[in-house]
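The next block holds one structure in the form of structure tokens; read it before the comments.
The values are calculated or read from the model by the stated rules, or taken from the named source; none is laboratory data. Remember, predicted model here, so these are calculated numbers, not experimental data. Please note: Cβ atoms are built from the backbone with ideal geometry, for glycine as well, and neighbour counts cover all protein chains shown. SASA here: full protein model, heavy atoms, side chains in, ligands and nucleic acids out. Shrake-Rupley method; radii C 1.70, N 1.55, O 1.52, S 1.80 Å.
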Amino acid sequence: MAGDRANASKATIEGLVRDVACPIQNLDGTATDLSLKCVRECIRGGSPLVILTKDGHLYFPISDKMPDTDQRQELMPFVGKYVRASGTVFERTGTHAIVITEIKEMKEIHLTTDEQ
């Protein structure tokens with residue numbers, strides 16, 4: 001691909017792996033307070049997965065390949081969990097994406113869900 005490149009940097013982010021629709025449409029859904037029932041239904045319906053940070057940023061997982069390859073299967077074990085993800089972060093006009101090289105659940109982060 002020719003042309004200008006997006007801003008890219010190595011970074012580590014922390015946040016909740018979930019569907020994209022709810023945090024965009026419902027500002028009550030945060031990185032630590034969520035409806036797991038809703039997340040699971042959206043995921044079953046095919047909603048894209050994102051990582052929602054505590055400060056409200058959404059990071060779209062992308063591959064390190066062109067054309068891009070689906071990252072859904074790699075993230076499915078982390079749906080509804082708070083994670084620390086490291087890799088290359090890209091930013092373009094307010095949109096954030098991450099090529100994840102390492103991801104781990106942060107079990108010490110307490111989540112408030114509808115299943116407690």
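What residue, of D19, D64, is out of contact with any His (no Cβ under 9 Å at 6 or more places or on another chain), modelled with pLDDT under 95 and among the acidic types (D, E)?
Matching residue, one of D19, D64: D64.
Does A11 fit the bill of being farther than 22 Å from E115 by Cβ, at pLDDT 95 or above and open to solvent by 20 Å² or more (accessible area, probe 1.4 Å)?
Here the answer is yes, as A11 does meet what is asked.
Pick from D70, D64: which is open to solvent by 30 Å² or more (accessible area, probe 1.4 Å), within 18 Å of I13 (Cβ to Cβ) and in a loop (DSSP other than H, G, I, E, B)?
On the way: D70 fails: within 18 Å of I13 (Cβ to Cβ).
After ruling out the rest, the residue left standing is D64.
Determine if segment 47-55 includes at least one residue that is open to solvent by 20 Å² or more (accessible area, probe 1.4 Å), within 20 Å of T112 (Cβ to Cβ), without any contact (Cβ under 8 Å) to a residue 40 or more places away in the chain and part of a loop (DSSP other than H, G, I, E, B).
yes
Within segment 61-76, can one find any residue that is within 15 Å of H96 (Cα to Cα) and β-branched (V, I, T)?
yes
Select, from T101, T113, the only residue that is surrounded by 11 or more Cβ atoms within 10 Å (Cβ to Cβ), within 27 Å of K10 (Cα to Cα) and not aliphatic (A, V, I, L, M).
On the way: T113 fails: within 27 Å of K10 (Cα to Cα).
Residue meeting the stated conditions: T101.
So which of G87, G80, G29 ends up being open to solvent by less than 30 Å² (accessible area, probe 1.4 Å) and assigned to a strand (DSSP E or B)?
Working: G80 fails: assigned to a strand (DSSP E or B); G29 fails: assigned to a strand (DSSP E or B).
Going through G87, G80, G29 in turn, just one is open to solvent by less than 30 Å² (accessible area, probe 1.4 Å) and assigned to a strand (DSSP E or B): G87.
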